[in-house]
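Notes for the one structure printed next.
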Amino acid sequence: MSDEKLHTLRHSLSHVMAEAILHLFPDVKFAIGPAIENGFYYDFEFGEKKISEEDFPAIEKEMRKILATNSDFVREEISREAALERFKNQPYKIELIQDLPEGETISIFTQDGFCDLCRGPHVSNTREINAQSFKLAKIAGAYWRGDSARPMLTRVYAFAFEKPNDLKEYLKMLEEAEKRDHRKLGVQMDLFHLDTEDPGQIFWHPNGWQLYVTLQDYMRQKVSADGYQEVNTPAIMPRSLWERSGHWGHYQKNMFITESEKRIFAVKPMNCPGALEIFKSRTRSYKDLPLRLAEFGHCVRNEPSGTLHGIMRVRGFVQDDAHIICTEDQIESEVEKFCRLLLDVYKDFGFEKNLIVKLSTMPEDHVGTEETWRQAEKKLGAACNAAGMEYEIQPGEGAFYGPKLEYTLVDALGRQWQCGTIQLDYQLPGPERLNAEYVGADNAKHNPVMLHRAVLGSIERFLGILIENYAGAFPAWLAFEQVAVVPIASTFDDYAKEVDAALKAAGIRSNAYLDDGNMKAKIKLVSSEHKTPYILVVGKNEMESKTVSCRFRFSSGLEQRTFQLQEFVEYVKEKNATHFNGI
């Protein structure tokens, strides 16, 4: 079934659900009920009789009764006056009708006697919908038209697919995703916590911060080897800079504002203006280009609290950000170079095989000539192909200032995450914005082009993706605890300390578990909760032969091998050096 037909099926089911809820809750008021990814929802205002998830079985039963009627979805065009009369007891429908432009066609759809204001399309008949291919999912609150000053409505979500087996597979995936939820694992593995008094900010614990630093240092090494220079710009910058950059006019509602000495400042929501201020700090020549400036800059955005999600959607975050300032002739080679860097990084996490690349082209609201846009899009596409990547076109999805490439990875559960991006910007360094200039070979001043790019995106979000992708069982090079040294009994604590010290001296993240607890309990802790890749059990034989008995962490259980201590050190160092995506 095509995406369009599945969308139609889901939207038709939203009408069936609305009818079923009307049967069970006669005083309900209807708002809107669109199809969404993996299903649909409908917003309602309930009267005195409230709805809960305990009502879901009754609603689903009623929906199946409606589907069994084999009713046609009948479209009818009516006048504004007739529509207002038809929905006179439905205030949200009345508002929607009144907001329609004069002369616009008003259509309604009716099935099994239930009528709804709708543009459509819908399936022809309820028999086209399999009665076992949907399931009500959850209830949430939603402000009418997304306005917090308007009534809070009850949103009922549902999953829907063409076939029952598709639904079954999706529910199975959700069950597995629940086990992998980074918020749960974050607590279990003692990685971080979130405080309701400080929404959207992350408190990193030692285990989690070790992960964070390891990932950041990995990226630092990658970009340094690729010709970037690392910089750092202020967290708070003046309103005047944000006005010149255009962010004040377009992004102010998402910025945290402060005032000092009668001047207004903003906490930076992005790093781009700072990079250009560094470029402008002295006279630049064409020989200085391309200039690649990397910054792990901490950004803060005033995201609505309702959109926050664990560490994947936060207010305070750090991007593996970089800005490439170059000439127009250098665009293609720099984009190709970035594509290769991105592929190299994603390969170390096992994400290179199913990578999805999209080229977002000129939107209706854009600046610059169409000829310039087409040339820029051609350059991005050619660079992408030169790096060995194929891409899809996303028509009209470019930024107003230029086209971009977006890179979406696919995790272990088949979920897609858009992470990397490279955006071509003619505007910010131009004369109407921050007016960055370099002296060309002709001794005249020219404005450069700017490429905004990130491989991981937000480090916080990428770590959330990794936690769920690996179910907390990170590759050994990334794990916060690479080795756990567990003595069979306290008699062997001294040798355990010796082993631990040798590992730490080699730069391996190791911990010796020397408390009086049971050995099996310790192994369970480090294997099940810490998910430590290497567990070294040491006793009399190991102490006398200066060896270690290593239990490897595998999804199927623990496998064992004996190493000489130095042999094991070299084994781990080799795996770390190659960023082997396993243990």
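The values are calculated or read from the model by the stated rules, or taken from the named source; none is laboratory data. Just so it is clear, the structure is predicted and the values come from calculations on it, not from any experiment. Glycine also receives a Cβ, built like all others from the backbone with ideal geometry; neighbour counts cover every protein chain displayed. With ligands, DNA and RNA removed, areas are computed over all heavy atoms of the protein, side chains included. Shrake-Rupley method; radii C 1.70, N 1.55, O 1.52, S 1.80 Å.
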Handout entry: Single residue of the range 1-19 satisfying the filter (of a type in the set (A, V, I, L, M) and in contact with a strand residue (DSSP E or B) (Cβ under 9 Å, 6 or more places away or on another chain)) that is farthest from Glu60 (Cα to Cα)
Key = Leu6
Problem - Matching option when the condition is over 30 Å from Pro475 (Cα atoms), of a type in the set (Val, Ile, Thr) and without any contact (Cβ under 8 Å) to a residue 24 or more places away in the chain, among Thr196, Thr233 - result: Thr196
Completion exercise
Of the residues in the range 495-539, those that are surrounded by fewer than 17 Cβ atoms within 10 Å (Cβ to Cβ) and not in a helix (DSSP H, G or I) come to Ala506, Gly507, Asp515, Asp516, Gly517, Asn518
Exercise for the section: Please determine, by comparing only the residues of the range 431-454 that are over 31 Å from the mean Cα position of the chain (by Cα) and at pLDDT below 95, which one is least open to solvent (accessible area, probe 1.4 Å). Expected result: Pro431
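Scan the range 301-339 for residues that are hydrophobic (A, V, I, L, M, F, W, C) and over 18 Å from Trp204 (Cα atoms) and report the count.
First pass over the range 301-339, keeping only residues hydrophobic (A, V, I, L, M, F, W, C): 308, 311-312, 314, 317-318, 322, 324-326, 331, 335, 338-339.
Add one more test, that the residue is over 18 Å from Trp204 (Cα atoms), and what stays is 322, 324-326, 331, 335, 338-339.
Qualifying residue count, the range 301-339: 8.
Is it true that some residue in the range 168-177 is surrounded by 18 or more Cβ atoms within 10 Å (Cβ to Cβ) and at pLDDT 95 or above? Outline the logic, then answer.
First, pick out the residues of the range 168-177 that are surrounded by 18 or more Cβ atoms within 10 Å (Cβ to Cβ): none.
The answer is no, given that none of the residues of the range 168-177 is surrounded by 18 or more Cβ atoms within 10 Å (Cβ to Cβ) and at pLDDT 95 or above.
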Exercise for the section: Among the numbered conditions (1) assigned to a strand (DSSP E or B); (2) of a type in the set (Gly, Ala, Ser); (3) in contact with a Gly (Cβ under 7 Å, 6 or more places away or on another chain), tell me where Gly464 comes up short. Expected result: (1)
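Is it the case, given these coordinates, that Leu136 is farther than 15 Å from His11 by Cβ, open to solvent by less than 60 Å² (accessible area, probe 1.4 Å) and modelled with pLDDT of 95 or more?
Values: farther than 15 Å from His11 by Cβ: yes; open to solvent by less than 60 Å² (accessible area, probe 1.4 Å): yes; modelled with pLDDT of 95 or more: yes.
Considered against the rule, which asks whether it is farther than 15 Å from His11 by Cβ, open to solvent by less than 60 Å² (accessible area, probe 1.4 Å) and modelled with pLDDT of 95 or more, Leu136 comes out as yes.
Gly103: of a type in the set (Gly, Ala, Ser), open to solvent by 70 Å² or more (accessible area, probe 1.4 Å) and under 19 Å from Ile21 (Cβ atoms), yes or no?
Working: of a type in the set (Gly, Ala, Ser): yes; open to solvent by 70 Å² or more (accessible area, probe 1.4 Å): yes; under 19 Å from Ile21 (Cβ atoms): no.
Taking the combined requirement at face value, the residue does not satisfy it.
I need the full set of residues from the range 354-374 which are part of a helix (DSSP H, G or I) and either surrounded by 14 or more Cβ atoms within 10 Å (Cβ to Cβ) or at positive phi (or both), in order please.
Listed by number, the residues that qualify are Thr372, Trp373.
Across the range 375-405, which residue is most open to solvent (accessible area, probe 1.4 Å) among those that are touching a Cys at 6+ places or on another chain (Cβ under 9 Å) and either closer than 27 Å to Pro273 by Cα or aliphatic (A, V, I, L, M) (or both)? Show your work before the answer.
Our first condition is that a residue be touching a Cys at 6+ places or on another chain (Cβ under 9 Å); within the range 375-405, this holds for 383-384, 386-391, 405.
Now narrow it down to the ones that are either closer than 27 Å to Pro273 by Cα or aliphatic (A, V, I, L, M) (or both): 383-384, 386-387, 389, 405.
Details: Ala383: 0, Cys384: 0, Ala386: 47, Ala387: 9, Met389: 12, Leu405: 0 Å².
Filtering first and then ranking leaves Ala386.
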Practice task
Show the residue pairs that are 6+ apart or on different chains and have beta-carbon atoms under 7 Å apart, the first residue being within the range 349-367 and aromatic (Phe, Trp, Tyr), the second being open to solvent by 30 Å² or more (accessible area, probe 1.4 Å).
Solution key: Phe349/Asn581
Practice task
Give the range 217-236 a look and list any residue that's among the hydroxyl-bearing types (Ser, Thr, Tyr) and within 23 Å of Arg315 (Cα to Cα), or say none.
Solution key: Thr233
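In the range 297-325, which residues are over 21 Å from Ala266 (Cβ atoms), assigned to a strand (DSSP E or B) and out of contact with any Leu (no Cβ under 6 Å at 6 or more places or on another chain)? Before you say what the answer is, go through the steps one by one.
Of the residues in the range 297-325, the ones over 21 Å from Ala266 (Cβ atoms) are 306, 309-312, 320, 322, 324-325.
From the residues that got through so far, the ones that are assigned to a strand (DSSP E or B) too are 309, 320, 322, 324-325.
Listed by number, the residues that qualify are His309, Ala322.
Please pick out the residue among Gly141, Gly146, Gly120, Gly113 that is over 17 Å from Thr8 (Cα atoms) and open to solvent by less than 60 Å² (accessible area, probe 1.4 Å).
Gly141
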Exercise for the section: Take Lys93 and decide whether it is surrounded by 11 or more Cβ atoms within 10 Å (Cβ to Cβ) and of a type in the set (Lys, Arg). Expected result: yes
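When only residues in the range 6-44 that are polar (S, T, N, Q) and open to solvent by less than 10 Å² (accessible area, probe 1.4 Å) count, which is nearest to Asn130 (Cα to Cα)?
Within the range 6-44, the match that is nearest to Asn130 (Cα to Cα) is Ser12.
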Practice task
Considering each residue of the range 569-581, count those that are touching a strand residue (DSSP E or B) at 6+ places or on another chain (Cβ under 9 Å) and touching a residue at least 40 places away in the same chain (Cβ under 8 Å), and give that number.
Solution key: 2
Problem - Complete set of residues in the range 467-478 that are open to solvent by 10 Å² or more (accessible area, probe 1.4 Å), in a loop (DSSP other than H, G, I, E, B) and not aliphatic (A, V, I, L, M) - result: Trp477
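Take Gly388 and decide whether it is assigned to a loop (DSSP other than H, G, I, E, B), within 23 Å of Arg244 (Cα to Cα) and modelled with pLDDT of 90 or more. Reasoning before the result, please.
Values: assigned to a loop (DSSP other than H, G, I, E, B): yes; within 23 Å of Arg244 (Cα to Cα): no; modelled with pLDDT of 90 or more: yes.
No: the conditions fail for Gly388.
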Practice task
Could you give me the residue pairs with C-beta distances under 7 Å whose first residue belongs to the range 244-269 and is closer than 20 Å to Phe317 by Cβ, whose second residue is assigned to a helix (DSSP H, G or I) and open to solvent by 30 Å² or more (accessible area, probe 1.4 Å) wherever it lies, and which are 6+ apart or on separate chains?
Solution key: Phe265/Arg239; Ala266/Arg239; Pro269/Tyr251
Exercise for the section: Kindly check whether there is at least one residue in the range 336-343 that is open to solvent by less than 10 Å² (accessible area, probe 1.4 Å), over 30 Å from Asn576 (Cα atoms) and not in a loop (DSSP other than H, G, I, E, B). Expected result: no
Practice task
Starting from the range 419-447, keep only residues that are of a type in the set (Phe, Trp, Tyr), then list their pairs with residues that are assigned to a loop (DSSP other than H, G, I, E, B) and crowded, with 18+ Cβ neighbours inside 10 Å whose Cβ atoms are within a distance under 7 Å, requiring at least 6 positions of separation or different chains.
Solution key: Tyr426/Tyr401; Tyr438/Arg284; Tyr438/Leu289; Tyr438/Pro448
Exercise for the section: Determine whether the range 35-43 contains at least one residue that is touching a His at 6+ places or on another chain (Cβ under 6 Å) and assigned to a strand (DSSP E or B). Expected result: yes
Problem - Subset of the range 313-335 (residues that are touching a helix residue (DSSP H, G or I) at 6+ places or on another chain (Cβ under 7 Å) and either open to solvent by less than 20 Å² (accessible area, probe 1.4 Å) or β-branched (Val, Ile, Thr) (or both)) - result: Val314, Phe317, Val318, Asp320, Ala322, His323, Ile324, Ile325, Cys326, Thr327, Ile331, Val335
